[in-house]
Amino acid sequence: MEASVILPILKKKLAFLSGGKDRRSGLILTIPLCLEQTSMDELSVTLDYLLSIPSEKCKARGFTVIVDGRKSQWNVVKTVVLMLQNVVPAEVSLVCVVKPDEFWDKKVTHFCFWKEKDRLGFEVILVSANKLTRYIEPCQLTEDFGGTLTYDHMDWLNKRLVFEKFTKESTSLLDELALINNGSDKGTQQERERSIDLNFLPSVDPETVLQTGHELLSELQQRRFNGSDGGVSWSPMDDELLAQPQVMKLLDSLREQYTRYQEVCRQRSKRTQLEEIQQKVMQVVNWLEGPGSEQLRTQWGIGDSIRASQALQQKHEEIESQHSEWFAVYVELNQQIAALLNAGDEEDLVELKALQQQLSDVCYRQASQLEFRQNLLQAALEFHSVAQDLSQQLDGLLGMLCVDVAPADGASIQQTLKLLEEKLKSVDSGLQGLREKGQSLLDQISNQASWAYGKDVTIENKENVDHIQGVMEDMQLRKQRCEDMVDVRRLKMLQMVQLFKCEEDAAQAVEWLSELLDALLKTHIRLGDDAQETKVLLEKHRKFVDVAQSTYDYGRQLLQATVVLCQSLRCTSRSSGDTLPRLNRVWKQFTVTSEERVHRLETAVAFHSTAEKILQECPEQPDAFNDMDQFDEIEAVGKSLLDRLTVPVVYPDGSEQYFGSPSDMASAAEHIREKMKLVSLKKQQLRQPEATTPES
């Protein structure tokens, strides 16, 4: 019977065990009767419960029952005493009926109990409250009977409820834990798991029950079960009532079973964790080897342009993003496995290492495939980028070659030619870079067979290889065509440079010829003081003319070369309309001026030679000057020379030009006149002897 079942009855305090003992160490059972009618059934239930508490050893020492009838009627007391015979006949050794000070007929009551003594089996005495100490020590009596024993019925009842609850819960818990623990000790793993699954969680929390038990044991050990903090107190759940040993025994059993239960839970948790890890590992492995690998299998192209390669890279980044989520799970699982390996049992090491190795192999293989694909796409992007740059360079070079060259001078042609060479060099460097990028990409593609993701990529690789080789061959052909056009353009530009050079040199020849003409007119004015000097001047003049002739011939050759170059370049030379007429005009002017200079010098040579001959002949010579016509001739030559000095040079275009300045011409004319005077004097001297001879 449990106190919780009859709690309302127990709260009425119809009877109680205060913890006091009689002189025989028997327990004292107190039945306090009240003015109200006492229910014999409830009292019987209460007595049955209270008498079930002591041990058999305690019961053997008998009970002393105190029936407090001070507030009750005699017939009720009599009924209670008689009821004791049926409830606890063997255990009752003495019944003390506490009578009221007034009331009850002593003779009647005494006679009645004495009469029933043999039939009752225990002694019944009537005693007043103040005489009760004759039979029981005051320290074993409650305050109601003048004793010092403290008793709190509600506190006892609460503690009793706690004890019974602990006993019930701990007993039930022990059965459950035993069932769980025994189930874990079965033979096969499947049986253990099946048993644990069925009875895995206890109905109550073991920690809570253990805590309750420890608190209860502490109360019992401090002899404060009845809630008293002072004085000598006794609890009906003392050692003699088997309360403390029972609690201790239950706690020991609970700790033992709970320790085993914790180990079972730990093993189950470890097994569950291992199964969860294995399940997650298989999820990662199945995804990476399934959908993850399938995603990579469908991505084999490299694109045919920068935009296409960038689109493939973006798609690959999306694939990498999906893989990153699974790789994060891999890192977490790897850490969990490492932790289990550090603290795991030997029986789990092999399985854990196998899981870890399988997970690592799959993840590293997939990560390597992703990295290879990323590197391949990056190489393809670089290849297409270099190809696009090279294509733009070739387009620029071709555009430059398709434009006709119309430079203003040779310097601009040289600059254009230098720019052309630089562009060709840049194209050559770009093509070399394209070949290197292409070869690197081809090498990576050739290694793709080892990362074929479980499929044959020969056809796909062939398309990629054909595309790469086609791009490189196309660029090579375009570059070769540009080189051929550059060779033609280079030859044309060099011819144009030569043309401009010829035109410049021809113009320079005209300038030189003009300078020679100017020098002839301004500095070649002396006619010499005698025949010898004049001959020297004539010889110098012929050399001067030879220089001018060479300059003119050089200019003519240059202009002829410009004609040939213009015909080759299919262009119109400016020399045919400008330089050549200027050259011819200056040369004609020079020729006329030179002829005039030669004529004057030759006339001067004849004049000086004749004059010097006349002036050097002696009058004594018989044949000297027989011919007077010489004097007339020299005078005519002198006059003719003087006349030429005053006449300008007339060019074919009608323009005129004088030699030197008027003063220079006047000086030369004065010298001729002086010589003519000398010749005239000589003539006179020769005529005087002829006049004197007839007179004599």
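Throughout, read-outs are computed from the coordinates displayed, never taken from laboratory work. Just so it is clear, the structure is predicted and the values come from calculations on it, not from any experiment. Every residue, glycine as well, gets a Cβ built from its backbone with ideal geometry; the counts of neighbours run over all protein chains shown.
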Distance cut-off 31 Å, Cα to Cα: go down the list Lys522/Lys682; Lys543/Lys677; Lys522/Lys639; Lys535/Lys639; Lys540/Lys683 and report the pairs above it. Lys522/Lys682; Lys543/Lys677; Lys540/Lys683
In nm, what is the difference between 0.36 nm times the number of residues separating Arg271 and Lys165 and their Cα-Cα distance? 34.7 nm
So for the pair Lys425, Gln279, with labels modelled 7 Å out along Cα→Cβ, what separation do we get in nm? 7.1 nm
Take every Cα-Cα distance within segment 318-404, group them into 5 Å bins from 0 onward, and report for each bin the whole-number percent of pairs it holds. 3, 11, 13, 13, 9, 9, 7, 6, 6, 5, 5, 4, 3, 3, 2, 1, 1, 0
How far, in nm, would the chain grow between Lys501 and Asn182 when pulled straight, counting 0.36 nm per residue and subtracting the alpha carbon separation? 103.2 nm
Rounded to the nearest 0.05, what FRET efficiency do Thr298 and Ser203 give with R0 = 56 Å and r taken as the Cβ-Cβ distance? Could you check? 0.50
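Assuming 0.36 nm per residue, please report the length gained on full extension of the stretch Asn342 to Glu42 beyond their Cα-Cα distance.
Numbers: separation 300, 0.36 × 300 = 108.00 nm, distance 6.53 nm.
Using 0.36 nm per residue and subtracting the Cα-Cα distance, I get 101.5 nm.
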What spacing in nm lies between the two simple spin-label points modelled at Gln262 and Glu332, each 7 Å away from Cα in the Cβ direction? 2.9 nm
Considering the alpha-carbon set of segment 117-171 alone, what are its Rg and its Dmax in angstrom? 17.2, 46
Compute the Rg/Rh shape ratio of segment 233-382: radius of gyration over Kirkwood radius, all on alpha-carbon atoms. 1.42
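Where the only charges are on Cβ atoms (+1 Lys, Arg; -1 Asp, Glu), what is the dipole of segment 2-104 about its Cα centre, to the nearest 20 debye?
Details: 13 positive and 11 negative charges, 75 e Å.
Using only the charged Cβ atoms, the result is roughly 360 debye.
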With 16 Å as the cut-off, how large is the P(r) tail for segment 20-91, expressed as percent of Cα-Cα pairs? 47 percent
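Between Val598 and Leu681, what FRET efficiency follows from the Cβ-Cβ distance if R0 is 30 Å, with the result rounded to 0.05? Provide the component values of the computation, followed by the final result.
On the way: r = 31 Å, r/R0 = 1.02.
My answer for the efficiency is 0.45.
Rounded to a whole number of µm²/s, how large is the Stokes-Einstein D of segment 334-385 at 25 °C and 0.890 mPa s, given Rh as the Kirkwood radius over C-alpha pairs?
Numbers: Rh = 13.3 Å.
Translational diffusion coefficient: 185 µm²/s.
Assuming R0 = 45 Å, can you tell me the calculated FRET efficiency for the pair Asp395 and Gln508, based on Cβ-Cβ distance, to the nearest 0.05? Working shown, then result.
Values: r = 42 Å, r/R0 = 0.92.
FRET efficiency, Asp395 to Gln508: 0.60.
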Testing the spin-label approximation: label points 7 Å from Cα along Cα→Cβ at Asp632 and Thr133. State their distance in nm. 21.6 nm
Whichever lysines have a C-alpha closer than 16 Å to that of Lys165, once near sequence neighbours (fewer than 8 apart) are set aside: Lys249
